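Novice: To start, I am sharing the structure in question, which I have written as structure tokens.
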Amino acid sequence: MAGGPLSGCRVLELAGLGPGPFAAMTLADLGAEVVRIDRPGGSGLFPGFEHLDILNRGKKSVLLDLKQPDAVRAVLDMAARADVLIEGYRPGVAERLGLGPEDCLARNPRLVYGRMTGWGQDGPMAQLAGHDIGYVALTGALHAIGSAGGPPQIPLNLVGDFGGGATYLVIGVLAALREADRTGRGQVVDAAIVDGTAHLLAGTHMLLATGMWQDERGVNLLDGGAPFYAVYETSDGRHMAVGAMEPKFYAELLAVLGLDEDPAAQHDRTRWPRLRERIAEAFAGRTRSEWAQAFSASDACVAPVMSLREAADHPHLKARGTLVEQDGVLQPAPAPRFSATPTALGSPPPVPGRHTAEVLKAWEVQGAEDLLGSGAAVQA
């Protein structure tokens with residue numbers, strides 16, 4: 001069987017920004033049929049560049065004016081035939097539109113209703129606006145990232161929006177689908193970025209509890225505090241990433257660098273300042289390309305720091321097809337990979353309303369022609 005493990009699963013996405021679209025894209029990558037409900041005026045950050053919005057790849061777009069009751073009715077008709085609905089509004093907005101969980105589950109008791117927010121559906125901050133940087137700040141994740149003595153460093157929006165948010169929404173949706181298959185009952189998945197980000201810190205909290213982690217930046221084993229787990233500049237102004245944690249890997253690091261340090265003294269913190277200087281001096285003596293070649297067949301756990309575009313040409317990523325181009329747009333291939341139900345890159349991102357008439361017909365929405373005639377639905 002081909003088409004991905006979610007082939008046959010129908011997902012309805014109420015258009016939003018960031019983690020919600022990424023979660024829906026991931027479900028599309030896994031083989032689900034994803035229909036995005038766009039609204040007049042657009043839903044993206046970059047109007048006119050919808051064809052470059054990778055987060056909408058593999059989806060179909062229906063343009064509906066949800067201010068009109070007939071458009072809301074159309075969404076409810078579609079929810080009755082969907083397996084999953086995803087929305088990323090502030091708490092209460094979907095209810096005010098007439099598309100909240102009670103409205104949708106009344107039409108389809110098996111529906112998995114996924115809600116994506118930063119702060120969650122309840123709590124004193126639930127109604128406040130927010131962005132990734134604030135969510136990761138509140139959980140302690142931002143505090144933990146950066147150099148000793150320096151300010152916190154922003155980890156793009158990978159830790160919050162896409163890691164703690166979208167990824168956990170996908171996990172929740174898949175778990176709820178399993179339950180729906182088993183019992184016939186759908187449910188609401190409350191995916192809050194603060195919850196998921198805090199959950200990602202489970203290992204760090206474990207180290208903190210054991211006393212193996214200090215609650216400050218740049219002084220720990222995994223945050224750049226250890227000289228054998230850090231980033232070093234090369235002679236051409238590029239960088240190499242070093243992760244030689246285990247003793248045998250550390251010994252190999254020293255051997256390739258040509259340093260006569262005692263491998264047994266790896267965790268002697270009194271030696272770390274001088275060790276860092278020596279490792280830095282060694283890396284500064286050759287280019288990134290030269291060091292990458294030197295470590296290419298090594299178990300020292302050392303890798304060149306590649307730019308986003310350079311990564312596509314790295315031999316390993318190239319061999320696996322980890323990054324691909326579609327219509328000239330560089331993007332990651334679907335992940336993970338499956339032996340029995342392989343996935344494939346979906347269709348390019350559609351312009352809003354590209355599939356309105358097609359989907360309304362296929363999903364058997366009542367009065368589709370009237371919707372198009374009244375302007376409640378728009379075909380691009």
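The values are calculated or read from the model by the stated rules, or taken from the named source; none is laboratory data. From a predicted model like this one, the values you see are computed outputs, not experimental measurements. Because the Cβ atoms are built from the backbone with ideal geometry, glycine has one as well, and the counts that use them run over all protein chains shown.
Novice: If TYR89 meets every condition in (1) more than 23 Å from ARG10 (Cα to Cα); (2) buried (at least 16 other Cβ atoms within 10 Å of the Cβ) apart from one, which number is that one?
Specialist: (1)
Novice: A further question follows. Failed condition for PRO336, given (1) without any contact (Cβ under 8 Å) to a residue 60 or more places away in the chain; (2) of a type outside the set (D, E, K, R); (3) surrounded by 14 or more Cβ atoms within 10 Å (Cβ to Cβ), with all others met?
Specialist: (3)
Novice: Return the pair list, or none, for Cβ contacts closer than 6 Å from residues in segment 281-296 that are at negative phi and surrounded by fewer than 18 Cβ atoms within 10 Å (Cβ to Cβ) to residues that are part of a loop (DSSP other than H, G, I, E, B) and of a type in the set (Gly, Ala, Ser), at least 6 apart or on different chains.
Specialist: Matching pairs, first to second residue: ALA284/SER235; ARG286/SER235; THR287/SER235.
Novice: Would you confirm whether or not segment 41-48 contains a residue that is more than 15 Å from THR356 (Cα to Cα) and at pLDDT 95 or above?
Specialist: no
Novice: So which residues in segment 52-72 are within 20 Å of the chain's Cα centre (by Cα) and surrounded by fewer than 24 Cβ atoms within 10 Å (Cβ to Cβ)?
Specialist: Passing the criteria: LEU52, ASP53, ILE54, LEU55, ARG57.
Novice: Residues that are in a helix (DSSP H, G or I) and either in contact with a Gly (Cβ under 9 Å, 6 or more places away or on another chain) or surrounded by 15 or more Cβ atoms within 10 Å (Cβ to Cβ) (or both): does segment 123-133 have at least one?
Specialist: yes
Novice: If we keep just the residues of segment 92-106 that are under 27 Å from the mean Cα position of the chain (by Cα) and of a type outside the set (Gly, Ala, Ser), which is surrounded by the most Cβ atoms within 10 Å (Cβ to Cβ)?
Specialist: Among those residues, the one meeting the criterion is CYS104.
Novice: Within segment 353-367, is even one residue of a type outside the set (Phe, Trp, Tyr) and within 30 Å of LEU259 (Cα to Cα)? Don't jump to the end; show me each part of the working.
Specialist: The first filter runs over segment 353-367 and keeps only residues of a type outside the set (Phe, Trp, Tyr), leaving 353-362, 364-367.
Subset that is within 30 Å of LEU259 (Cα to Cα): none.
So far as segment 353-367 goes, no, none of its residues is of a type outside the set (Phe, Trp, Tyr) and within 30 Å of LEU259 (Cα to Cα).
Novice: Return yes or no: is ALA284 among the aliphatic types (A, V, I, L, M), within 22 Å of GLY218 (Cα to Cα) and at pLDDT 95 or above? Don't jump to the end; show me each part of the working.
Specialist: Working: among the aliphatic types (A, V, I, L, M): yes; within 22 Å of GLY218 (Cα to Cα): yes; at pLDDT 95 or above: yes.
The answer is yes for ALA284.
Rundown of residues vs (1) in contact with a Ser or Thr (Cβ under 8 Å, 6 or more places away or on another chain); (2) within 23 Å of THR139 (Cβ to Cβ); (3) not assigned by TED's automatic domain parsing to the domain that holds ALA137; (4) not hydroxyl-bearing (Ser, Thr, Tyr), yes/no style:
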position: VAL194; (1), (2), (3), (4): yes, yes, no, yes
position: HIS205; (1), (2), (3), (4): no, yes, yes, yes
position: GLY211; (1), (2), (3), (4): no, yes, yes, yes
position: GLN214; (1), (2), (3), (4): no, yes, yes, yes
position: LYS248; (1), (2), (3), (4): no, no, yes, yes
position: ALA255; (1), (2), (3), (4): no, no, yes, yes
position: ASP262; (1), (2), (3), (4): no, no, yes, yes
